[in-house]
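The values are calculated or read from the model by the stated rules, or taken from the named source; none is laboratory data. Quantities reported herein were computed from a predicted structural model and do not represent experimental measurements. When we count neighbours, we look across all protein chains shown, and the Cβ atoms used for this are built from the backbone with ideal geometry, even at glycine. Quick note on the areas: whole protein, heavy atoms, side chains included, nothing else; ligands and nucleic acids left out. Shrake-Rupley method; radii C 1.70, N 1.55, O 1.52, S 1.80 Å.
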Amino acid sequence: MDEKALPGRLPERDRPWVMRTYAGHSSAAATNALFRRNLAKGQTGLSVAFDLPTQTGYDPDHELAAGEVGRVGVPVAHLGDMRALFDGIPLAEMNTSMTINAPAMWLLALYGTVAMEQGHTASMLSGTTQNDIIKEYLSRGTYIFPPAASLRLTADIIAHTLTTMPKWNPANICSYHLQEAGATPVQEVGFALATAVAVLDAVRDSGQVPAERMGDVVQRISFFVNAGVRFVEEIAKMRAFGALWDEITRGRYGVQDPKQRRFRYGVQVNSLGLTEAQPENNIQRIVLEMLGVTLSRDARARAVQLPAWNEALGLPRPWDQQWSLRMQQVLAYESDLLAYPDLFEGSHVMTALVDEIVTGARVELEKVLEMGGVVAAVETGYLKSALVASLADRRRRMESGADVVVGVNRFTETEPSPLTAAGAEAIEQVDPAVEATATASVREWRAGRDGAAVDAALARLRADAATTTNLMPATLGCVRAGVTTGEWAGVLRQVFGEYRAPTGLVGAAGAGGDATLVAVRKRVAATATELGSGRLRLLVGKPGLDGHSNGAEQIAVRARDAGFEVVYQGIRLTAGQIVAAAVEEDVDLVGLSVLSGSHLAAVPAVLDGLRAAGRGDLPVVVGGIIPAGDAEALRAAGVARVFTPKDFALTGIIDELVGVIREANGLTG
């Protein structure tokens, strides 16, 4: 019997999704070499990780960039860097995704200019700019400008690309980090769709797009989602996303063509669920999470990128990324998944689960719209508080054992892992000289350009920003004149102002019925009494540009529940600002959270600042993704404790913080 004629088979196998790995580090040249190797291994699209200075609009020689250059992505400070990044890679043949939010317009202008230098037209380019600034205020923290100004930039990009780059996805609504910040499936769908409504409303209300072309706008909006290990629920979530997107775009924007209303998304499976303990378990987690966005043909991802098994330990090596790429290739080419129609059509279980998520997400969406939309929900702190509370609830379930995490809170007995036997060699190491090289490079670039042309381009950008003029033409002029990332963002900072998002701690629920917290509360109160103070005071600090604040916020919530007075000023602080706050608030302990890998630069800067301020006696603890060797170096520098992701029991951490305060003050017990 002809296997292809079996009942239920598709006439032809589906085409596989675009396969990517999220890549970028050290320098444009090093990342270019990594791109070439990945493409040679069968990767079918590029996904560019930019470093934190680039994402937040700073040049490598800015004070806040110290320790962050080239760490979590590639530094791109000007057109020369973008040329080097894609040297020898024909951009008209690529499908490129760029994770760049606040300066998305700038990076897209650089990319388009390089493509034209290669001899391609803008209309030939396909790819995506992750251009969802709302989730940056809620989770990832790489925002620059206030919400309204940020949405204006997004609308300008969409209007520009609609006519000049018809194959490009100019806005990528990103629910990925909402899930990492604590969102339930219902919240993830509801909040992400509220963001999409805000983007589409901004485009419609800008007057730059005729009403009859809103279908073209909708067709080019894509989504970037998270897929957790509860893969059956994830399948239902994606089907619910599609159903609600169809409903919204047809009803609110009058889009009649079903093809234009199709829910189009790419995915990065859940990095947050990867564990430092027994990291080999991360392989099966990644595979299961991949199934959640590929099993359902009617809601299958257009593009998939998988994390590597060792991302909870540090920056993956090329071999680790290859392993993740091969997972996709085995599923797409060896299995029979792509040979069949949708496997869940007619399933009563799946239909009921989808309906439940749709109903709940519709309620969340309506609640946000009644507040005046997603911008108002950000500015009032509603969305952030909801996510902090949901994440606190998730943490409680894990700490109680209600949610099992294999190797972390159950089945912890283990054999030594040969995967990590190499120690620091098990992850990619970024050469400390990268920052000095990038700093020298950007200064050389500035010295070699036409200063008058730069001034004129920036003056035009400043003038246009003060009006409602589309900013893409002025931005392209800045690119051609040789303006740097920091200069472009600096002008817009002057016009739009900067923004500090709500922390979400006000009113956030804590540990509730955690019985062990009672004993910690008594110890906190007793220690405060022995020190002669009303309450113990903890400063939670986020130095540098690392905006992943979920862990810091959960520590702050649990410490507050334990009786601490918590001082938390949010993300993106200089060492000087943290030291000043510690002295002015007369705190008993400083806790620093660093997840970007910049701990060896950021933490000593705070320690030196405290000594210079006469508070070298103030104990400092650090939490983050910190290799064992680096932890030893931090302790040798004067850090009292180092916490890593394997330290998951928050109440136990708070108890240890009390112990640190007692040790520093000569108290026993």
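Couple of notes before you dig in:
- Once backbone amide H atoms are built at 1.01 Å from N, Ala49 has Ala23, Gly24, Val74 as its partners under 5 Å, excluding neighbours fewer than 5 places away on the same chain.
- CD proxy at 222 nm, helix term only [per DSSP H run n ≥ 4: -39500 (n - 2.57); per residue of the chain; nearest 500]: -14500 deg cm²/dmol
- Accessible surface of the chain, 1.4 Å probe, proportion on carbon and sulfur as whole %: 55 percent
- Fraction of alpha-carbon pairs over 18 Å apart in the stretch 547-669 - percent: 50 percent
- Sequence-separation-based contact order of the chain, relative, with Cα cut under 8 Å and 6+ spacing, percent: 16 percent
- Label-point separation in nm, Glu370 to Glu656, each point 7 Å along Cα→Cβ: 4.4 nm
- Residues of the stretch 105-119 with amide N under 20 Å of a point placed 7 Å along Cα→Cβ from Ala453: 106-119
- Measure of compaction for the stretch 119-206 (Cα Rg per 2.2 N^0.38 Å): 1.15
- Projected onto its three principal axes, the C-alpha set of the stretch 1-160 covers 70, 35, 32 Å, listed from the longest axis down.
- Cα radius of gyration and Dmax for the stretch 31-110 (Å): 12.8, 40
- If the convex hull is drawn through the Cα atoms of the stretch 247-308, its volume per residue in Å³: 87 Å³
- Dipole axis of the chain (+1 Lys, Arg; -1 Asp, Glu on Cβ), positive-most option in Pro11, Ala649, Ala501: Pro11
- Using distinct alpha-carbon pairs, which all enter the 1/r mean, Kirkwood radius of the chain in Å: 25.9 Å
- Computed Rg/Rh of the stretch 374-516, alpha carbon atoms with Kirkwood Rh: 1.18
- Rg over Rh, two decimals, the stretch 477-632 (C-alpha only, Kirkwood Rh): 1.05
- Solvent exposure of the chain as accessible area per residue, Å², 1.4 Å probe: 38 Å²
- In this rough spin-label picture, where each label sits 7 Å from Cα along the Cβ direction, the Glu444-Met398 distance is 4.4 nm.
- Estimated distance in nm for a label pair at Arg262 and Gln118, the labels positioned 7 Å out from Cα along Cα-to-Cβ: 2.5 nm
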